[in-house]
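Below: the structure, in structure tokens.
Values quoted throughout were computed directly from the atomic coordinates according to the rules given, and no laboratory measurement underlies them. Here the structure is a predicted model, which means the values were calculated and not measured. Because the Cβ atoms are built from the backbone with ideal geometry, glycine has one as well, and the counts that use them run over all protein chains shown.
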Amino acid sequence: TQPASDIYEDEGILMITPAATAPELTARGYQLILRTTGLDSDQGPTAAKYILEKVKPQRIAIVHDKQQYGEGLARAVQDG
């Protein structure tokens with residue numbers, strides 16, 4: 001999504017993404033990028049709070065698939 005956003009911005013084309021959650025996508029200040037889902041930085045702390053307050057585990061392992069989405073969300077949960 002991020003590499004494509006450079007092309008859209010350069011060509012002045014509106015980009016609407018239904019699944020991009022990385023905060024970096026819109027942090028670059030591009031005016032023609034819209035998203036229809038929440039950011040990792042919003043979802044991560046919410047997930048962490050739920051895990052800690054509702055599940056109340058003794059230990060937590062955060063696993064991701066080494067893809068951009070998985071890494072970003074795992075990092076946000078860990079930081080949250």
Env charge @ L25, Cβ radius under 13 Å, K,R +1 / D,E -1, value -2
Cα atoms only: what Rg and Dmax, in Å, come out for segment 39-80?
10.1, 28
Farthest towards the positive end of the dipole of the chain, among A19, Y8, A47 and with Cβ unit charges of +1 on Lys and Arg and -1 on Asp and Glu, lies the Cα of A47
Contact order normalised by residue count of the chain, Cα under 8 Å, 6+ apart, percent
29 percent
DSSP loop (so not H, G, I, E, B), at most 15 other Cβ within 10 Å: list which chymotrypsin sites (Phe, Trp or Tyr not before Pro) in segment 29-80 pass both filters.
Y30
Local net charge near A4, Cβ-Cβ under 15 Å (Lys/Arg +1, Asp/Glu -1):
-3
On the first, second and third principal axes, largest extent first, how far apart are the outermost C-alpha atoms of the chain in Å?
51, 21, 18
